[in-house]
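The values are calculated or read from the model by the stated rules, or taken from the named source; none is laboratory data. Predicted model only: the values in this text are computed from it and were never measured. We place every Cβ from the backbone using ideal geometry, glycine too, and count neighbours over all the protein chains shown. Heads up: the accessible areas ignore ligands, DNA and RNA and are worked out on the full protein's heavy atoms, side chains in. Shrake-Rupley method; radii C 1.70, N 1.55, O 1.52, S 1.80 Å.
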Amino acid sequence: MMQIRNYSDFTDALLQAGFSMGGGNSEGIYSVIPWNWDETPPYETPVRWHTGNPETDPWEWRMRVLDERNDISYGKVFFKKSGYMTEAWAPYFLAARRGTIDFDTAYADGTVSNAAKRIYSAVLEYGTLPLHAIKQIAGFGAPDKSRFDGALTELQMRLFLTMCGRQQKLSQKGEEYGWFSTVFCTTEQFWGEDVFQQALTVTKEDAIEVISKQVLTLNPGAEAKKILKFILG
């Protein structure tokens, strides 16, 4: 295990691993940061959750990788929980979960919800959209929160949408205000054509095998059923 003392250590370790749960390892797969903020770190390190320090707070690293890099994605992609995926490993997860299926095909097959279609269509039309704008454009109100959240997670788990940054609301004068809102885009826009072309060269079975081997390299104690769920979503 690499010792993580700052953001640079984290990205180096993540690029070596290829993927990671977002924080802690409650599902028994793998996490670059193997502890929660209320636990004692396994080695001496200044890294602590929710301090606001961009160098040593893993909560800040979620957005830093999106703001500063184009080879690491972050979103609700594993067990409906947050996780990281690197560009080198994205083709394998795409091959395992999507294969040659695009969104329209999945919707026609009835494997994605109507709520997911409304969200996806809004993002596709505008290219990138912050969370608050998606809700407004796709027609989701306060009573629809649960359905909206579930559909947004569904789209991330299926690798149709991904987080791609953050943005504040704009006033009528064009001035930013309020809390930052997560911005979403399609995975095609995030990763680019090359990653999707690579995914087409990998079979689902081979993708499962390759990812499984890497999980067991990172965590020899991972259970087979958990590994399969981790890969397929």
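Placing +1 at every Lys and Arg Cβ and -1 at every Asp and Glu Cβ, with all other atoms neutral, what dipole size does the range 56-153 have around its Cα centre, in debye to the nearest 20?
With only Lys, Arg, Asp and Glu charged at Cβ, the dipole is about 380 debye.
Average the reciprocal distances over every distinct pair of alpha-carbons in the chain, invert the result, and give the Kirkwood radius in Å. Numbers along the way, then the final one.
Working: mean 1/r = 0.0538 Å⁻¹.
It works out to 18.6 Å.
Rank-order 4-16, 46-58, 135-147 by packing density, defined as the average count of other C-beta atoms within 10 Å over each peptide's residues, highest first. It would help to have the intermediate numbers written out before the result.
On the way: 4-16: 17.6, 46-58: 15.8, 135-147: 13.3.
Packing order, densest peptide first, comes out as 4-16, 46-58, 135-147.
Roughly to the nearest percent, how much of the accessible area of the range 68-150 is carbon and sulfur, given a 1.4 Å probe?
On the way: 1950 of 3980 Å².
Ligands and nucleic acids excluded, carbon and sulfur reach 49 percent.
So what's the net charge close to V195: Lys and Arg +1, Asp and Glu -1, counting the other residues with Cβ under 12 Å from its Cβ? Don't jump to the answer; show the numbers that get you there.
Values: positive: R98; negative: D71, E87, E188, E193, D194.
Summing Lys and Arg as +1 and Asp and Glu as -1 gives -4.
With charges only on Cβ, +1 for K and R and -1 for D and E, what is the dipole size of the range 93-138 about its Cα centre, in debye, rounded to 20?
Values: 5 positive and 4 negative charges, 37 e Å.
That gives the range 93-138 a dipole magnitude of about 180 debye.
Go through K81/K204; K80/K204; K135/K204; K135/K213 and tell me which ones have a Cα-Cα distance over 28 Å in this structure. Let's see the in-between values first.
Numbers: K81/K204 22 Å; K80/K204 21 Å; K135/K204 34 Å; K135/K213 39 Å.
Long pairs (Cα-Cα over 28 Å): K135/K204; K135/K213.
Where the Cα atoms of the range 50-149 are projected onto their three principal axes, how long is each span, largest first, in whole Å?
For the range 50-149, the Cα extents along the three principal axes come out at 44, 35, 26 Å.
How big is the charge dipole of the chain about its Cα centre, in debye rounded to the nearest 20, if each Lys and Arg gets +1 on its Cβ and each Asp and Glu gets -1 on its Cβ?
740
Among I227, A17, T201, which residue has its Cα furthest toward the positive end of the charge dipole of the chain, with +1 on Lys/Arg Cβ and -1 on Asp/Glu Cβ?
I227
Around Y7, with a cut-off of 10 angstrom between Cβ atoms, what is the net charge of the other residues, counting Lys and Arg +1 and Asp and Glu -1?
On the way: positive: R5, R64; negative: D9, D12, E55, D57, E60, E68.
The answer is -4.
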